[in-house]
1. For a quick protection proxy, order the peptides B:130-138, B:226-234 by their average other-Cβ count within 10 Å, most packed first.
2. Taking amide H positions as placed 1.01 Å from N in the peptide plane, with prolines and chain starts having none, which residues 5 or more places from A:Gly71, or on another chain, fall under 5 Å of its amide H?
3. Give the peptides A:168-179, B:537-548, A:17-28 in descending order of average Cβ contacts within 10 Å, highest first.
4. Could you tell me what percent of the accessible area of the stretch A:1-159 is made up of carbon and sulfur, with a 1.4 Å probe and every protein chain present?
5. With a point put 7 Å past each Cα toward its Cβ, work out how far B:Met565 is from A:Ala167 in nm, to one decimal.
6. What's the average, rounded to a whole number, of partner chain beta-carbon atoms within 10 Å of each residue's beta-carbon in A:216-227?
7. How well do other chains shield peptide B:549-560, expressed as the mean number of their Cβ atoms within 10 Å of each residue Cβ?
8. List the GluC sites (Glu not before Pro) within the stretch A:195-237 that DSSP assigns to loop and that have no more than 16 neighbouring Cβ atoms inside 10 Å.
Amino acid sequence: MLGVPRDQRTESAECLIREGDVVIVYERHDRMKQATVCKGKEFQNRFGVFPYCDWIGKPFGSRVVGKKGIGFVYLLKPTPELWTLVLSHRTQILYVADISFVVGFLEIGPGKVVLESGTGSGSLTTSLARSIAPLGHVYSFDFHELRAEAAREDFKRNGLGSLVTVAVRDIQGQGFPEDLVGRADAVFLDLPQPWLVIPHLGRYLEGNVPLCSFSPCIEQVQRTCEALTSNHFTDIRTFEVLLRSYDVRTQTFGSLSMTGVKEEIAAENLSQVRKLSGQKRGRDGLKQTEPLVMQGHVLTTEEVTNGKECIPALSSSSDIGLSKNPENTGVERNSSERIVARPYPETRGHTGFLTFARQGSNLN
Amino acid sequence: MSENSSETRSKRHMGTIVIEGSSILLDINHGDRFTFARAHTSSMVKLGNVKCSLAPLIGCPFGSIFEVSKDPKGPHLVQVSQDKEIQSSNCNKTEVHGVEELDICSDRDNRDLIDDNTAQSLSELEISYMRRDGASGTKIVEALIANSASFQNKTTLSQEKYKRKKQKKHAPRIVVRCPSARSICEAYFTKEPSKIGYLRMDVLALLLSLANVGANADVLLLDELGGFLTAAVGERLGGFGTICSTYCASKVPSLGMLGLFNFTPCTSSSIFCAPLFELIQARSSISTAEGNHEVSAKGHSSTEADLHSTVLPESPLTALLPEQQTKIAGSLLDESEKILLVKGAQLETRMSKSLKASLIDSSIGFPVRVEMAAQEFSCSYQLNGEIEFPNQCTVDAKSQLQTFSLETDNLVGEGSIATVGQLDVDSQTHQLQGEIKNRTNCGFKGTDDMVHTATNAESKHDSQDKSLRAGRRASANQVAYWGRHGFSSLIVGAPEMDPLSVCKRMLPLLSPSAPFVIYHPYMQPLAECMHHLRKERMAVNLQLSEPWLREYQVLPSQTHPHMQMSSTAGFCLSGKSLNFSSTCFPYHEREL
């Protein structure tokens, strides 16, 4: 997952898929899976069967076709962001919006020492490890033995083993280990009761060092902030961060450019439409008062002023604009597609609050 | 391991204390105002209506708090203890907390408040006398409270609020912060968001994550935000890896913001700049030399798509087919365009030299230099005047105009290399001059508010380690290396560029499966770009997203979102580049 130092790179070899590599298999924009390349085995999904030996030696970013030419997938190089989307959820995880904000706000860079509790599924830890590489270290703690072991295994597979130490420890009950006193450059807490550990944090944070606490509930945030204030932390700030994703597609829109009606007809229709729109307001299935007004408007501006266009005869005046069927209204399908974007109808509206603070720097 | 940790520890301490020559960010009243400065014993900073020496700051750890003391010696900065600060700035301390509980149901409210400005008996004049006699800000605040008829009738909450308000006015607190990408971003976003393209700190963080910026990365940037993105990437890489800030040949990039950071020589030396055409050439020439059919298809597609993108905004997928590639390989560029590129490059070097010279020196006499540079440009341009340029950009420019209805000013000279072709010399020169002025304003110097304390020491410092200077021109070897390996990520922050044209030119410069992210203040260009990339299978894992950030005030019984929040900070399009060859050929035709 990590970049290889230049002096250790062979000619573009780091981009070629090798035995044992973790690969992100991109099936569709919303479907990705992780796979470890293993000769003699196959990757199977609903699109096809893909022998791993076909992948070896191909560059990451390649498209591969399944057995008998059925199905295809793209093979991507893992990044912490992709990993977040494919990892196995052992707990609730943090997503890219929160992760990037935490890393950015805590100003985590190469060489830093970061304390994290708890490890959870390792979604954030992976990003922390990327940021502190190659000289820093992440000390991550979780009180769940099996979870810690599974996370350790993941970090190893992704080549982060030397950068992350996962230990089993109840941070809320026991605090961080003594040997880390004064060594941290940043602390991240994802605990149910962070206020229990905050009073003991001062010794671990040296200088104007930042910390972040993640809590889903505002009551937790409230107590956390009180604990931070009474323990002489400064710059206490709480944020909520979200990412809204957009669905991009092409769409054809009907346009109201009617052709073929003379001025008077248009004018007559317009008056009819206005009458009708008033009458029909209460009827079921015809709650179209607004479009009617719009159509009326279009009639006036386009047709009436632009008399040379011919509007095909309208069957009866009462049809105008009242039917949803575009053919009847003289609405023409505009053949040109437009590229449109709108947010996905449903989205995760809240993950948690991020509270940041700094250990106050003391007067000499 | 122990060696490593001691190394990291010493490294860590470098950034924790203000030393002579440090770039500092003064945070006034917790984010109300920001001022950039360089800490020298001799330098002064203007705070409100007084000027103070920065000498007391030197040797203090970042995060130290100061206030202005106005005793007879004249105004100067005095350090305030953390505890005092906590008591005055945070009102969610335990003793207040006890009162709060009662306060909600207290019978004090504003029913008797008459807002006729008579509550305060202390006059403006009396306050100014106090100040003249050397009363401290805290004293003034105390006097104001004592003389306020309505203070005692306020609820505890509004008493605190009143105190905070008066404190801010009469005894501003100044926190010395270490300029980091985050703090600089926040400062600019508060002060002058246009200078960083309205990039909010969460968006910046998102860009760095989505582009997988981490040790040993080779990051390619198109940074039209005054070098801010480049600097942020530099900070994140901390000297591990390389950064290349690219630009079109006719444009001089401003990397002025790099000067705001306290970079180690190691970090500075990892930041390069190189014109785009050089990178494209390196990428395609490498693949030709190797004679590898597959790679060459990939390499050439860049320049090929390049030309097509300007001629036909919707270049068909067939344009990338290898048969055509080989045919076109010989005539990758129009002769005229080649010349233009070369000339552009020469001009660019000259211009950037003179511009940089003017940046390094103090800002006095700087406009003259810029003008000289601009004249130089116009002269050389006239030499090439007879060359006929392909009239491609009209299409681009027009479509841009329709889509985002940008101001014409912005459009001119922004489109692409070929835009130059349409412009008459005068307007180009004029434009360029304006642009350069604008750009330099983005930088450290020249902005009135961002107090700059230029001294000779600084320019000396710069010239001393020229070989390590951040943003220096990349060597041919370096460029060739990038050409051979491809960049491992791409970040684009060019608010006035069409993202699709950028992608067509720049994605081929990436190694396959490399992440890229484009920041743009408008959504529609990104949506169109995303659609085309998807349709032409140039990238996968495409995501168009809009970041959203809300800050909360968390105080006992007073927790609520901040009144003011940023309603938009632009959009991000992210994705992963593909192995071009493999997307063009059907599976059975390839032999790998």
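The values are calculated or read from the model by the stated rules, or taken from the named source; none is laboratory data. Nothing here was measured: the structure is a model prediction, and the numbers come from that model. Cβ coordinates were reconstructed from backbone atoms using ideal geometry, including for glycine residues, and neighbour counts include every protein chain displayed. Surface areas here come from the heavy atoms of the whole protein model, side chains and all, with no ligands, DNA or RNA. Shrake-Rupley method; radii C 1.70, N 1.55, O 1.52, S 1.80 Å.
1. For the peptides B:130-138, B:226-234, the packing ranking is B:226-234, B:130-138.
2. Distant-sequence amide H within range of A:Gly71: A:Gly66.
3. Those peptides, ordered most packed to least, come out B:537-548, A:17-28, A:168-179.
4. Whole-percent figure for carbon plus sulfur exposure: 53.
5. Simple spin-label model gives 3.8 nm for this pair.
6. Counting Cβ atoms of other protein chains within 10 Å of each residue's Cβ and averaging gives 3.
7. Going residue by residue through B:549-560 and averaging, the value is 5.
8. In loop regions of the stretch A:195-237 (DSSP not H, G, I, E or B), there are no sparsely surrounded GluC sites (Glu not before Pro).
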